[in-house]
Amino acid sequence: MTSHPNVKLNIGHNILRKRPDGFHDIETLFVPCYAFSDVLDIEPAEEKTVMELEGGAWEPVTDLTFRAWELLEKEFGIPPVHIRLTKKSPVGAGLGGGSADAAFALRMLDSMFSLGLSEESLAGYASRLGSDCAFFIYNRPMLGEGRGERLSPFDIDLSGYEIRVEIPEGVSVSTKEAYGGICPGVPAVRLREALTLPVEEWKDCVANDFEKTVFEKHPEIKALKRRLYDEGAVYAAMSGSGSAVFGLFRK
């Protein structure tokens, strides 16, 4: 069985407060993005689960795709599989490529072994792997709250816009780095309300709080956002914790 895990964009990313468990409460709009897609192949194996990775470094203990199989093996006793993952999505770009691979693996394993899991059940397992994994189970526009795992459908139509995604060469941003120096706070206009405005008005009210700290350390990301506006974008922002920047251009 083969699938092609796509990436996501974050439109708006408000960091509201730090939680007692060390995570942060956020609000963000996840939208699917098809600028990059990995190739994930899973087939039954004879003896033990093996994973091969092309296009990136791999550590079996920490890889989310391998952990997705481990999670369902512990829950349902599914048999071993052979996993082949070809990475085409960038790492450390705020696009969620690793989370997408894990979520797609859960969906594939559910289908392969006839587990009969609902989207909600699969999203529950995905949220145990990572804060944005659950979004990729649904893979449609969703407002993310809590750590990002509390999802609710959000009706938005961006069909009138070309979405351009660019990544500064050689720049990677870790989530830990992005959170360094962040001062959480509730914005005057909450994201759900701001997103109901015309896209041309988002520039002044749909913000990514990570930009405050990331732009200081990586001015080339800030320059990329500025260039997208200079080239005619009606809205541009960094996605998630960066380093990818996207622009919306009227078709």
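The table below gives the values:
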quantity	calculated
Exceeding the 23 Å Cα-Cα cut-off - candidates Lys18/Lys212; Lys88/Lys217; Lys48/Lys88; Lys212/Lys251; Lys203/Lys225; Lys176/Lys212	Lys88/Lys217; Lys48/Lys88; Lys212/Lys251
Top positive-direction residue, dipole computed over the chain with Cβ charges, set Ala194, Gly170, Cys33	Ala194
Computed E for Ala45/Arg128 - FRET, C-beta separation, R0 30 angstrom, nearest 0.05	0.80
Percent carbon-and-sulfur accessible area, the chain, ignoring ligands, DNA and RNA, probe 1.4 Å	49 percent
Cα point-scatterer Debye curve for the chain, base-10 log of I(q)/I(0) at q = 0.15, 0.16 Å⁻¹	-1.06, -1.18
Amide H contacts under 5 Å for Gly240, placed H, 5+ residues apart	Asn10
Accessible area per residue, Å², the stretch 131-210 with all protein chains present, probe 1.4 Å	52 Å²
Projected area averaged over orientations for the stretch 200-251, convex hull of C-alpha atoms, nm²	3.4 nm²
DSSP beta bridge pairing in the stretch 1-86, given as percent antiparallel to the nearest 5	80 percent
Accessible area in square angstrom per residue, the stretch 1-94, 1.4 angstrom probe	49 Å²
Rounded to 5, the percent of DSSP beta bridges in the stretch 21-179 classed as antiparallel	75 percent
The stretch 9-130, Rg to Rh (Cα coordinates; Rh as Kirkwood inverse mean 1/r)	0.99
Long-range amide H partners of His24 with built H, under 5 Å	Arg19
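The values are calculated or read from the model by the stated rules, or taken from the named source; none is laboratory data. Keep in mind it's a predicted model, so treat the numbers as computed, not measured. Quick reminder, even Gly has a Cβ in these numbers, built from the backbone with ideal geometry, and neighbours come from all protein chains shown. Just so you know, the surface numbers come from the protein's heavy atoms only, side chains and all, with ligands and any DNA or RNA stripped out. Shrake-Rupley method; radii C 1.70, N 1.55, O 1.52, S 1.80 Å.
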